[in-house]
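To keep things clear, I will list the structure first and then write my remarks on it.
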Protein chains: 2
Amino acid sequence: MSEAIAPAGGFTPPITGPDALSAEILTIGDELLSGESADTNSQFLDGRLERWGYMVRRHTTVADDLSAIAEAFRELSARADLVISSGGLGPTEDDLTLAALGQALGVELLLDEPTLERIRARFQSFGRPMTPNNERQARVPARGEVLPNAVGTAPGFRAELGRAQIYLVPGVPREMRWFADEVIGPRVDRGRPVLVRRTLKVMGVGESKLEHDITDIVKAHGDVRFGYRTLGLENHVKLAAVDGAALARAEAAVRERLGAQIYGVEGDVLETSVVQALIARGLSVAVAESCTGGLVQKRITDVAGASGCFFGGVVAYANEVKTRALGVPAELIALHGAVSEEVACAMAAGVRAAMGASFGVSTTGVAGPGGGTPQKPVGLVYVGLSGPAGTTAERLMVPGDREQIRSFSASFAIDRIRRALG
Amino acid sequence: MSEAIAPAGGFTPPITGPDALSAEILTIGDELLSGESADTNSQFLDGRLERWGYMVRRHTTVADDLSAIAEAFRELSARADLVISSGGLGPTEDDLTLAALGQALGVELLLDEPTLERIRARFQSFGRPMTPNNERQARVPARGEVLPNAVGTAPGFRAELGRAQIYLVPGVPREMRWFADEVIGPRVDRGRPVLVRRTLKVMGVGESKLEHDITDIVKAHGDVRFGYRTLGLENHVKLAAVDGAALARAEAAVRERLGAQIYGVEGDVLETSVVQALIARGLSVAVAESCTGGLVQKRITDVAGASGCFFGGVVAYANEVKTRALGVPAELIALHGAVSEEVACAMAAGVRAAMGASFGVSTTGVAGPGGGTPQKPVGLVYVGLSGPAGTTAERLMVPGDREQIRSFSASFAIDRIRRALG
């Protein structure tokens with residue numbers, strides 16, 4: 001169970017490729033500072049920059065404000081070898097990035113005829129008239145290089161300032177990605193990624209215990225950075241190294257220590273692993289949910305091809321549904337309460353029988369915010385599992401709010417199937 | 001405004017309140033610079049800061065690096081009235097925010113006994129031993145104020161530096177949100193938002209039609225900014241103004257035009273509106289899901305108190321489950337196929353009868369990526385509704401991938417209940 005004690009992620013000590021250059025990303029737009037939009041361009045560019053051999057040192061976001069953008073260009077170009085800015089290259093009055101770069105470079109803006117011609121041709125090809133404000137996009141700093149845009153109207157731009165190469169790309173994600181992969185990458189790729197990485201995904205161990213359990217391995221592999229990330233019930237151990245062989249040695253040591261607590265690596269999802277394992281063994285699972293209300297089945301059927309191991313299940317929110325659809329004796333509920341080990345077991349066995357599945361899994365608990373009692377507080381959840389080896393329920397006390405209680409419980413239920421498969 | 005021709009969201013022209021103070025946000029974590037995670041905390045804090053009367057001028061993201069964090073604290077506190085940092089307060093070696101703030105303040109770290117005691121008590125309450133590394137979280141700068149964390153382990157912290165008030169909160173989004181609303185807001189809220197805003201949430205009208213339908217209202221209210229945002233099947237009309245009375249006039253005009261197509265305002269969620277409407281009228285709903293696999297019921301039971309109108313339902317993924325648990329005649333499936341108007345109707349009527357509910361709603365479709373045929377392509381979905389007025393199914397062709405097809409279908413199913421309530 002993760003106490004969500006720590007913020008997600010992080011590595012120590014920092015390791016940098018011996019000759020990594022530094023990069024910074026600047027994103028520009030009022031909508032990125034008003035709560036309307038989150039900046040997702042930076043995340044994309046981070047991945048590319050690392051692959052190209054750059055350490056990303058900082059992200060900065062500023063508004064559509066001439067002096068704020070110009071000041072940011074001056075700051076970033078004094079620190080970084082490579083600066084990529086996204087946004088503010090469009091045709092409207094609040095698109096000020098080219099003007100701000102001109103100010104930072106100390107040069108005028110000039111109308112670039114070839115660019116204007118390309119913009120005009122683009123409008124023509126869509127059969128639309130070019131409104132005059134589109135001319136703005138062709139007014140570029142007198143020092144630097146226009147980077148034509150093959151997938152949109154606003155051109156990119158490249159200039160040198162301070163120690164930095166500066167690339168300006170549009171903020172539209174599709175165009176930004178095109179510029180990264182087709183224009184910037186080919187020019188700046190150093191052919192040696194800063195780091196090689198591996199993420200090991202662990203279920204059922206808290207972050208601080210996990211870190212504690214592998215402390216000696218971390219110490220013994222000083223050439224590998226270890227990081228931890230908590231995501232619901234999962235904890236991810238993240239390894240990064242300059243040297244691939246060093247990474248492989250550290251991974252092997254962690255795998256030997258943690259064994260089956262590791263369910264997968266980067267890109268793997270718990271329910272996908274479980275669905276694939278069930279199908280590979282010709283087994284199936286049925287689900288009876290009370291407090292999770294459909295979430296376990298939703299997650300199983302998120303996996304394309306889940307029909308190979310999942311035929312159906314029941315959301316038994318009310319007690320009468322537990323009795324009628326799952327055969328949980330009403331007396332059992334009256335005696336122990338709906339949130340009890342006994343009822344969790346009866347639900348799991350009931351749905352397994354009803355669906356004719358290899359396994360039945362169940363959840364019953366108090367998701368809150370109301371409904372808690374001193375004996376059965378909010379966060380108390382039983383997860384039942386019925387299979388060839390018998391029927392048992394495990395008791396959880398999940399911290400957090402309704403969403404977290406339901407989410408953790410669903411993860412625990414899916415993981416019970418995984419553990420049953422051995 | 002970016003150069004996207006119609007970016008999601010966005011407003012024009014910019015409007016600023018007359019006497020706003022400035023704020024900056026600092027997010028800290030290697031994972032925010034490596035391509036692993038996008039920073040979403042800043043977006044949340046932007047919205048809060050605007051409401052509290054602050055203009056957010058800049059976002060900065062730095063790695064888990066002592067001197068980079070300390071330098072950022074010095075920079076931001078020289079420019080802004082209020083600085084909020086998130087991340088780097090956890091128990092592991094790479095959590096360096098408190099140490100960096102100490103460095104920026106020029107003071108030592110001291111072990112804060114009350115904080116250590118709270119952390120110890122939190123571990124005890126979950127019946128787990130506290131590993132020694134958790135002590136790190138109680139080592140705080142000698143100048144400033146510890147802000148106890150009621151929803152997690154890592155404490156927050158407040159200090160003064162330069163012209164700024166600095167607040168440090170954990171990076172875990174749930175804890176960050178709690179600190180914003182329960183700790184920071186009550187202390188810094190100036191009681192006069194930079195802008196007043198209103199979001200009107202609309203179901204069942206496309207974005208361009210929506211914009212077209214209210215063009216004259218937009219023109220008639222020049223003192224109000226209008227923006228649009230598409231979210232799945234929903235479209236949101238976003239109003240913002242300096243003057244609350246101007247906003248109210250514009251809202252009234254839009255409401256008169258769009259009527260019941262508006263299901264709620266900011267903070268409202270479709271399923272919450274539906275659950276509340278059902279409960280208010282003493283009605284109930286049962287759900288039978290095939291292609292959505294539990295998602296409809298998951299969303300209904302996301303709403304606290306859903307048990308007042310939802311007793312349960314069935315995930316009928318396989319045909320035999322449709323027949324056995326819902327009474328859909330096997331011949332009907334053989335004749336029309338599982339993805340058909342007839343089967344959707346039989347599922348809705350079947351689950352309504354089985355659960356004794358006022359309404360039954362159902363989904364059956366081809367969510368993909370496999371399983372499509374020329375007659376029944378990926379994206380074809382039938383949504384059934386059975387109620388006092390009879391049983392019908394509506395046919396959808398949903399674009400996009402498996403996730404989008406399932407998500408749109410679930411929204412459509414929940415909206416069918418809303419529409420049935422009139």
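Worth a mention:
- Principal semi-axes of the equivalent ellipsoid, √(5λ) from the alpha carbon gyration tensor of the protein assembly as shown, are 45, 35, 27 Å from largest down.
- For segment A:18-188, size of Cβ-based charge dipole, Lys and Arg +1, Asp and Glu -1, in debye: 480
- Theoretical ellipticity at 222 nm over chain B - DSSP helices of four or more residues, -39500 (n - 2.57) apiece, nearest 500: -11000 deg cm²/dmol
- Amide proton proximity set for residue A:314, modelled H, under 5 Å, gap of 5+: A:287, A:288, A:289, B:315
- Model label points for residue A:177 and residue A:304, set 7 angstrom from Cα along the Cα-to-Cβ axis, are 1.6 nm apart.
- Counting neighbouring Cβ atoms within 10 Å and putting the fewest first, the residues A:271, B:108 line up as B:108, A:271.
- For chain B, the fraction of C-alpha pairs more than 27 angstrom apart is 63%.
- Beta bridges from DSSP with both residues in segment A:18-188: antiparallel share about 40 percent, rounded to the nearest 5.
- Using a Förster distance of 25 Å, the FRET efficiency for residue A:276-residue A:189 (Cβ separation, nearest 0.05): 0.10
- Positive-end extreme of charge dipole, the protein assembly as shown - chosen from B:173, B:269, A:26 (charges on Cβ): B:269
- Bins of 10 Å, starting at 0 and running to the largest distance - Cα pair percent for segment B:21-188: 11, 42, 37, 10, 1
- By other beta-carbon atoms within 10 Å, ranking A:363, A:272, B:373 with the fewest at the front produces B:373, A:272, A:363.
- Rounded to whole numbers, the Karplus 3J(HN,Hα) couplings from phi for segment B:261-274 are 5, 8, 9, x, 10, 3, x, 7, 10, 3, 5, 5, 4, 5 Hz, using 6.51 cos²θ - 1.76 cosθ + 1.60 with θ = phi - 60°, and x at Gly and Pro.
- Of all DSSP beta bridges in segment B:270-421, antiparallel share, percent nearest 5: 60
- Cα gyration tensor shape of segment A:153-290, rounded if a/c is under 1.5, else prolate or oblate by comparing a/b with b/c: oblate
- Positive dipole terminus of chain B, leading residue within B:99, B:319, B:132 (C-beta point charges): B:319
- With a 10 Å cut-off around each Cβ of B:166-173, the average count of Cβ atoms from other chains is 3.
- Among A:91, A:173, A:129, residue whose mean-square fluctuation peaks in a GNM of chain A (springs only between Cα atoms under 10 Å): A:129
- Student exercise, segment B:166-212 dipole from Lys, Arg, Asp, Glu Cβ charges, in Debye to nearest 20: 160
- Antiparallel beta bridges, as assigned by DSSP with both residues in chain B, represent about 60 percent of the total such bridges.
- Seen from residue A:379, the other residues with C-beta closer than 12 Å to its C-beta sum to a net charge of +3, counting Lys and Arg as +1 and Asp and Glu as -1.
- Dipole magnitude of the protein assembly as shown, debye to nearest 20 (Cβ charges: Lys/Arg +1, Asp/Glu -1, about Cα centre): 1740
- A Gaussian network model of chain A, with springs between Cα atoms under 10 Å, assigns the largest mean-square fluctuation among A:67, A:34, A:411 to A:34.
- Estimated vicinal HN-Hα couplings, Hz - segment B:235-248 in sequence order (Karplus 6.51, -1.76, 1.60; Gly, Pro = x): 10, 10, 9, 10, 10, 8, 7, 6, 9, x, 5, 5, 4, 4
- Dipole of segment A:270-420, positive direction: furthest Cα of A:409, A:286, A:347, with charges on the beta-carbon: A:286
- ³J(HN,Hα), Karplus 6.51/-1.76/1.60, whole Hz, each residue of segment A:97-105, x for Gly, Pro: 5, 5, 5, 5, 5, x, 4, 5, 7
- Cα-based Lys proximity count in the protein assembly as shown, under 26 Å, for pairs eight or more positions apart or on separate chains: 26
- As a rough footprinting exposure proxy, the listed residues B:323, A:292 were ranked by other beta carbons within 10 Å of their own, and the order from fewest upward is B:323, A:292.
- The reciprocal of the average 1/r between distinct C-alpha atoms defines the Kirkwood hydrodynamic radius, which for segment B:321-393 equals 12.3 Å.
- Classification of segment A:263-403 by its C-alpha gyration tensor yields an oblate form. The axis ratio a/c (a ≥ b ≥ c) is 1.5 or more, and b/c is at least a/b.
No value in this document is a laboratory result; all are computed from the given coordinates. On a predicted model such as this, the values are computed, not experimentally measured, just so you know. Every residue, glycine among them, receives a Cβ derived from its backbone with ideal geometry; neighbour counts consider all protein chains shown.
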